[in-house]
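Undergrad: Just dropping this structure here.
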């Protein structure tokens, strides 16, 4: 097992989950800023009107906005070759409607990028990572309104021009295929169908018509951004980012096989087929018809835009896998990365019920590469866990090391299978706020942050056992995983 020379080892974060400073230096309100805290057993809520005395974790997060130099230095100490982070749209265009960008926001990310480059860390920037301006939600229901395309393209133009020569890799939308699920309508697409009252994050009022309309507008916006990026800087490489929700049929029943195929078509392939191939797959025609989706939102000229703007590379998150079956009696539902499925009896699970399936990563990487023949990065992979600081001041997170080791081993197998895998960024390389549950207790990082769900903590950073382990992995290009 060997990883290619120049393989990009690193970590990944999102602005709304670590920056804090939610209303500083001209920043506007994003959709994450109106999401309350939650837990493994209590859904967070979406509150169109701020509630006094309610806890909103993105407002402070882990204070990365004021501590980014300290954090980047820690990433450099681990030996990161690449760092995936996102730009919070509302730092650049506070409402999304402004004609000119906010200079203080542009300056912050320029300093962050410069800090990465100082250490030889390649920035990998997600343009829209669950951070759509809330004013766009109020005005035209997020990306359900076609006007959102112009707002997004104007935002892309500002950052593509400002960071030319400093950045190479961009991702247009985070986990765009989350929008095929009700829970992803708000998070991925800014679709909020009830503005007059709070909504449970895990149980929103759904409108499939609005979701698939919004997805189409994201496809068009992404294609226009890819084309623009290449025109502004021919060195730019622009990728898509998907949830890889690996799924197997639970039984050998042919009905389960077809059910699983349909699940994969909608969940795992639809969005990436459009973004990687530049056109709608034919299998969605029946889905739209059977689900009463009126596709008149696809306008003349859109097909040409999609064809002209396929992405340069493919990226995904990978945490777990599911099963599909019509034989539901005795089959338990399984928790997951914002979507459910049937439990696989051959797999164990994390404290949050996410099933652990390292071999599924090898399987998925082969499926992806067979389908697209594009360079691939795994840009999220990790294990949320309750970490405890021991008497020696260290978090001895051998469980995290074991999880990551097994997944890296399977990535190596995929490379040996012939997959063009070029990078790996673990999720939450520093502890941050969970996107699905809105809590600090679900920790992913190599770096412990002293901040807790009761509001206590001074944000102090400390190295976990996994910090030193990952440093060794990077130093040996994945050869030493002990």
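The values are calculated or read from the model by the stated rules, or taken from the named source; none is laboratory data. Given the structure is predicted, the values throughout are model-derived calculations rather than measurements. Backbone-built Cβ (ideal geometry, glycine too); neighbour counts: all protein chains shown.
Here is a yes/no grid of residues against (1) outside any loop (DSSP other than H, G, I, E, B); (2) in contact with a strand residue (DSSP E or B) (Cβ under 8 Å, 6 or more places away or on another chain); (3) under 15 Å from residue 29 (Cα atoms); (4) without any contact (Cβ under 8 Å) to a residue 40 or more places away in the chain:
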| position | (1), (2), (3), (4) |
| --- | --- |
| 71 | yes, yes, no, no |
| 77 | yes, no, no, no |
| 84 | yes, yes, no, no |
| 107 | yes, no, no, yes |
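Undergrad: For the condition more than 12 Å from residue 220 (Cβ to Cβ) and buried (at least 19 other Cβ atoms within 10 Å of the Cβ), what is the one hit in 317, 282?
TA: On inspection, the qualifying residue turns out to be 317.
Undergrad: Of all residues in the stretch 221-254, which are more than 30 Å from residue 322 (Cα to Cα) and in contact with a helix residue (DSSP H, G or I) (Cβ under 8 Å, 6 or more places away or on another chain)?
TA: Filtering the stretch 221-254 for residues more than 30 Å from residue 322 (Cα to Cα) gives 221, 223-237.
Those that are more than 30 Å from residue 322 (Cα to Cα) and in contact with a helix residue (DSSP H, G or I) (Cβ under 8 Å, 6 or more places away or on another chain): 221, 223, 224, 225, 227, 228, 229, 232, 233, 236.
Undergrad: Still on this structure: Does the stretch 65-88 contain any residue that is farther than 23 Å from residue 427 by Cα, within 23 Å of the chain's Cα centre (by Cα) and surrounded by 16 or more Cβ atoms within 10 Å (Cβ to Cβ)?
TA: Going through the stretch 65-88, the residues farther than 23 Å from residue 427 by Cα turn out to be none.
For the stretch 65-88, residues farther than 23 Å from residue 427 by Cα, within 23 Å of the chain's Cα centre (by Cα) and surrounded by 16 or more Cβ atoms within 10 Å (Cβ to Cβ): absent.
Undergrad: Moving on to the next point. Is it the case, given these coordinates, that residue 449 is touching a strand residue (DSSP E or B) at 6+ places or on another chain (Cβ under 8 Å) and farther than 26 Å from residue 61 by Cα? Explain how you work it out, then say what you get.
TA: Working: touching a strand residue (DSSP E or B) at 6+ places or on another chain (Cβ under 8 Å): yes; farther than 26 Å from residue 61 by Cα: no.
Taking the combined requirement at face value, the residue does not satisfy it.
Undergrad: Something else about it: Would you please name the residue that is modelled with the highest pLDDT, looking only at residues in the stretch 334-348 that are farther than 21 Å from residue 438 by Cβ and outside any loop (DSSP other than H, G, I, E, B)? Spell out the reasoning first.
TA: Applying the first criterion (farther than 21 Å from residue 438 by Cβ) to the stretch 334-348 yields 341-348.
After this cut, where a residue has to be outside any loop (DSSP other than H, G, I, E, B) as well, the list is 341-342.
Details: 341: 77, 342: 88.
Looking at the filtered set, the residue picked out is 342.
Undergrad: Here's another thing I want to ask about it. Residues in the stretch 140-164 that are touching a helix residue (DSSP H, G or I) at 6+ places or on another chain (Cβ under 8 Å) and either over 16 Å from residue 88 (Cβ atoms) or surrounded by fewer than 17 Cβ atoms within 10 Å (Cβ to Cβ) (or both): how many?
TA: Within the stretch 140-164, the first condition is being touching a helix residue (DSSP H, G or I) at 6+ places or on another chain (Cβ under 8 Å), and the residues that meet it are 140-149, 151-153, 155-164.
From the residues that got through so far, the ones that are either over 16 Å from residue 88 (Cβ atoms) or surrounded by fewer than 17 Cβ atoms within 10 Å (Cβ to Cβ) (or both) too are 140-141, 143-149, 153, 157, 160-161, 164.
The number of residues fulfilling the criteria is 14.
Undergrad: Of all residues in the stretch 117-136, how many are over 18 Å from residue 186 (Cα atoms) and surrounded by fewer than 24 Cβ atoms within 10 Å (Cβ to Cβ)?
TA: As a first pass, look at the stretch 117-136 and keep what is over 18 Å from residue 186 (Cα atoms): 117-125.
If we keep only those that are surrounded by fewer than 24 Cβ atoms within 10 Å (Cβ to Cβ) too, we end up with 117-123, 125.
Count: 8.
Undergrad: Tell me the strands (runs of 3 or more DSSP E) entirely within the stretch 419-482 that contain at least 1 residues that are at pLDDT 95 or above, under 24 Å from the mean Cα position of the chain (by Cα) and under 14 Å from residue 9 (Cα atoms).
TA: Values: elements: 421-427, 447-449, 461-463.
Ranges flagged: 421-427.
Undergrad: Just checking, how many residues over the stretch 369-398 are surrounded by fewer than 16 Cβ atoms within 10 Å (Cβ to Cβ) and assigned to a helix (DSSP H, G or I)?
TA: Adding up the residues that qualify gives 3.
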